[in-house]
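S.K.: The structure is given below, and queries will be raised subsequently.
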Amino acid sequence: IGWIREVIYSNEVATKFVRELALRAQAKGMAGINFDWEPETAMTNADGIAFADFFLLARKVAFEATGGSNLTLSVDVTDYNPLSSNWTALNTAMKAPIKSNLLFNNHQQQQMTTTMVPLGAIIPMSTYAYDDHYFIPRLQKEVAAIDSDVLTVGLMSWNSRPAEMNSTKVAYRMGALAATNVCSIAIWVVPIPEIWWAPLAQFKTRCRDGW
């Protein structure tokens, strides 16, 4: 908890931390950086606000550190931990328009260009729910609270009972995503079982770049 607060309450520390992460991610050819911070106790509502504000800074720092790359910053969120349960603040931080002035070499001359920083992504973990009757209301809550251009619905490939996540349950989830026009998902736990492959191919066809 101490180091989390050190990062989210200090722009200097946050800048150094995010810059290092972004450069390492870029060097390894990664598409983005995911923040999955799940402290179990002692976090406050004020920490949640500071955490959201951190992403306003982090998005710009990561963009500029990598020379204007499309590196995506994402955050895993809950609906019970004060650090990540303020979805309204995080939604604002991840989609707020941020301009960046970058120097590019143009015919051996440096040219200043104003560019918009990529949006972030919010990944709620509440839809990891195994039981079908929990999945729909949690999905509906996520869709209502988080704008579609920053929402990435979290799914669990087999949860804690791999033998019981069958093709019917997978199809049910994919149908619910289609019904709510969700086109960005994050699947936790790999390798992904074969029962997901055909539904994921259909999802990709429906959404093209949404995963």
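The values are calculated or read from the model by the stated rules, or taken from the named source; none is laboratory data. Keep in mind it's a predicted model, so treat the numbers as computed, not measured. Note that each Cβ is placed from the backbone with ideal geometry, even for glycine, and that neighbours are counted across all protein chains shown. With ligands, DNA and RNA removed, areas are computed over all heavy atoms of the protein, side chains included. Shrake-Rupley method; radii C 1.70, N 1.55, O 1.52, S 1.80 Å.
S.K.: Could you bin all the Cα-Cα distances of the chain into 5 Å bins starting at 0 and give me the percent of pairs in each, rounded to whole numbers?
M.R.: 1, 7, 14, 17, 18, 15, 12, 9, 5, 2, 1, 0, 0
S.K.: Would you list Ser157, Ser167 from the most to the least accessible area, probe 1.4 Å?
M.R.: Ser167, Ser157
S.K.: Here is a follow-up. Under 19 Å Cα to Cα from Lys99, which lysines show up? Leave out anything in the same chain fewer than 8 places away.
M.R.: Partners found: Lys60.
S.K.: Among the chymotrypsin sites (Phe, Trp or Tyr not before Pro) within region 15-113, which fall in a DSSP loop and have no more than 14 other Cβ atoms within 10 Å of their own Cβ?
M.R.: Tyr80
S.K.: Taking N as the number of residues in region 117-206, what value does Rg over Cα atoms divided by 2.2 N^0.38 Å take?
M.R.: Normalised Cα radius of gyration, region 117-206: 1.04.
S.K.: Okay, next question. Over region 54-158, what percent of the accessible surface lies on carbon and sulfur atoms, probe 1.4 Å?
M.R.: Carbon and sulfur together cover 51 percent of it.
S.K.: Excluding residues fewer than 8 places away in the same chain, name every one of the lysines whose C-alpha is closer than 27 Å to that of Lys204.
M.R.: List returned: Lys28, Lys95, Lys141, Lys169.
S.K.: Please give the Cα centre distance for region 29-70 versus region 110-164, rounded to the nearest Å.
M.R.: 16
S.K.: Pull out the extension gain between Lys28 and Tyr9, defined as 0.36 nm times the separation in residues minus the alpha carbon to alpha carbon distance; nm, one decimal.
M.R.: Using 0.36 nm per residue and subtracting the Cα-Cα distance, I get 4.0 nm.
S.K.: Using only alpha carbons, build the gyration tensor for region 64-157 and give me the equivalent ellipsoid semi-axes, biggest first, whole Å.
M.R.: Largest first, region 64-157 gives 36, 12, 10 Å.
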